[in-house]
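Novice: Below is the structure I would like to discuss, written out as structure tokens.
The values are calculated or read from the model by the stated rules, or taken from the named source; none is laboratory data. Keep in mind that what you see is a predicted model, and the values were worked out from it rather than measured. Cβ sites come from the backbone with ideal geometry, for glycine too, and all protein chains shown count toward neighbours. Accessible surface is based on the protein model in full, side chains and every heavy atom, while ligands, DNA and RNA are left aside. Shrake-Rupley method; radii C 1.70, N 1.55, O 1.52, S 1.80 Å.
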Amino acid sequence: MTTNALIDLTQDRALLAALYAPKKGDFSQVDVPALPFAILDGEGMPNEQIVGSAVEALYTAIYPIRREARERMGKAFVEPPLEILYWADDMSDLAAGRREKWKWRVQITLPVWADAERLRASVLEMHPELGEAISPRWEATAEGKCVQYLHVGHMEEISTVLAGLYGEYLPQEGLEPDGPYHEIYLDDFNRVAPVKRKIVVRQPVRQIT
């Protein structure tokens, strides 16, 4: 997919708000268009150490792109949030919390001008810091119809949100999961108290046929 087919979220504030600032405490439906990402696919149970290493490598790899974005946008620049996708071959393993069977991916959305070639150049520039870390790939993905929810508070409380999502909201709306479960972390966890952390929970869906 070429970059001219992608939406520049810095120029579409309404869509930016719809995707990353949903109303707190309510499930809502949104259509997520194609967006460009730097992506690292994970292996093994998604524990804090393994995922943390992937996140660090991802941020390191895209540092030159983030630096250029700040230079281009100045005070208007807003750091894009970290996003993690989770899925399983049997999606019931996801809902049941059987993490040993989960697959996962960390990703960060990129500016529309930062295409695959620009990402490769960024990774090359950061090679001394990355060492043998796996390099991220560029991909434009469109999740399509999704249900999402803004959770504010402890991570452990998300299980209650998911129980409501999969056990109540989706069946009531005649919907079923259609892709990886998705968390978007709007805050830097090193700077924000657990009780104030904002996390967008997102699930691609389709109508039950």
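Novice: In the chain, once you exclude exposed trypsin sites (Lys or Arg not before Pro) (DSSP loop, at most 13 other Cβ within 10 angstrom), what's the longest stretch remaining?
Specialist: Values: sites that count: K23, R98, R191.
Counting only loop sites that pass the neighbour cut-off, the longest clear stretch is 99-190.
Novice: In terms of modelled amide H atoms, which long-range or inter-chain residues lie less than 5 Å from the amide H of K145?
Specialist: V32, V205
Novice: Out of the stretch 118-203, which GluC sites (Glu not before Pro) are coil in DSSP terms and have no more than 16 other C-beta atoms within 10 Å? Intermediate results must be reported in sequence, preceding the final value.
Specialist: Numbers: sites: E125, E129, E132, E139, E143, E156, E157, E168, E173, E183; in loops: E132, E143.
Sparse-neighbourhood loop GluC sites (Glu not before Pro): E132.
Novice: Could I ask something else about it? Short version: what are the Cα gyration tensor semi-axes of the chain, square root of 5 times each eigenvalue, largest first, in whole Å? Intermediate results must be reported in sequence, preceding the final value.
Specialist: Values: eigenvalues 155, 80, 58 Å².
One finds semi-axes of 28, 20, 17 Å for the chain.
Novice: In sequence order, what are the phi-derived ³J(HN,Hα) couplings for the stretch 112-125 according to the Karplus relation 6.51 cos²θ - 1.76 cosθ + 1.60 with θ = phi - 60°, rounded to whole Hz, with x for glycine and proline?
Specialist: With the stated coefficients, the stretch 112-125 comes to 5, 7, 8, 7, 4, 5, 5, 5, 4, 5, 5, 5, 4, 4 Hz.
Novice: In addition: Provide the per-residue ³J(HN,Hα) series for the stretch 34-49, in order, calculated from phi with Karplus coefficients 6.51, -1.76, 1.60 and θ = phi - 60°, each as a whole number of Hz, with x at glycine and proline positions.
Specialist: 5, 10, x, 9, 9, 10, 10, 7, x, 9, x, 4, x, 8, 4, 5
Novice: Rg and Dmax of the stretch 10-113, using alpha carbons, in Å: what are they?
Specialist: Using the Cα atoms of the stretch 10-113, the pair Rg, Dmax is 16.0, 45 Å.
Novice: So what are the ³J(HN,Hα) numbers for the stretch 162-168, from phi and the Karplus equation (6.51, -1.76, 1.60; θ = phi - 60°), rounded to whole Hz, Gly and Pro as x?
Specialist: Karplus values, whole Hz, x for Gly and Pro: 5, 4, x, 5, 7, x, 10.
Novice: With the other protein chains left in place, how much accessible area per residue, in square angstrom, belongs to the stretch 116-197 at a 1.4 angstrom probe?
Specialist: Details: 4610 Å² over 82 residues.
For the stretch 116-197, the per-residue accessible area is 56 Å².
Novice: Can you tell me the length gained on complete extension of the stretch E157 to A17, counting 0.36 nm per residue apart and subtracting the Cα distance?
Specialist: Details: separation 140, 0.36 × 140 = 50.40 nm, distance 2.37 nm.
Result for the pair: 48.0 nm of gain on full extension.
Novice: Hey, another quick one. Give me the number: length gained by fully extending D8 to S28, i.e. 0.36 nm times residue separation minus the C-alpha to C-alpha distance, one decimal in nm.
Specialist: Working: separation 20, 0.36 × 20 = 7.20 nm, distance 2.25 nm.
The span from D8 to S28 would gain 4.9 nm if fully extended.
Novice: Which residue fluctuates the most in the chain, going by a Gaussian network model with Cα springs under 10 Å, if the choices are T160, T60, T109?
Specialist: T160
Novice: Suppose each label sits 7 Å from its Cα in the direction of the beta carbon; what would the R99-R70 distance come out to in nanometres?
Specialist: The modelled label-to-label distance comes out at 3.2 nm.
Novice: Right, something else. Given a 1.4 Å probe and every protein chain left where it sits, what share in percent of the accessible area of the stretch 133-187 is carbon and sulfur? Let's see the in-between values first.
Specialist: Values: 1280 of 2480 Å².
Accessible surface attributable to carbon and sulfur in the stretch 133-187 totals 52 percent.
Novice: With a 1.4 Å probe and all protein chains kept in place, how much accessible area does S135 have, in Å² rounded to the nearest 10?
Specialist: Spelled out: S135, probe radius 1.4 Å, area about 60 Å².
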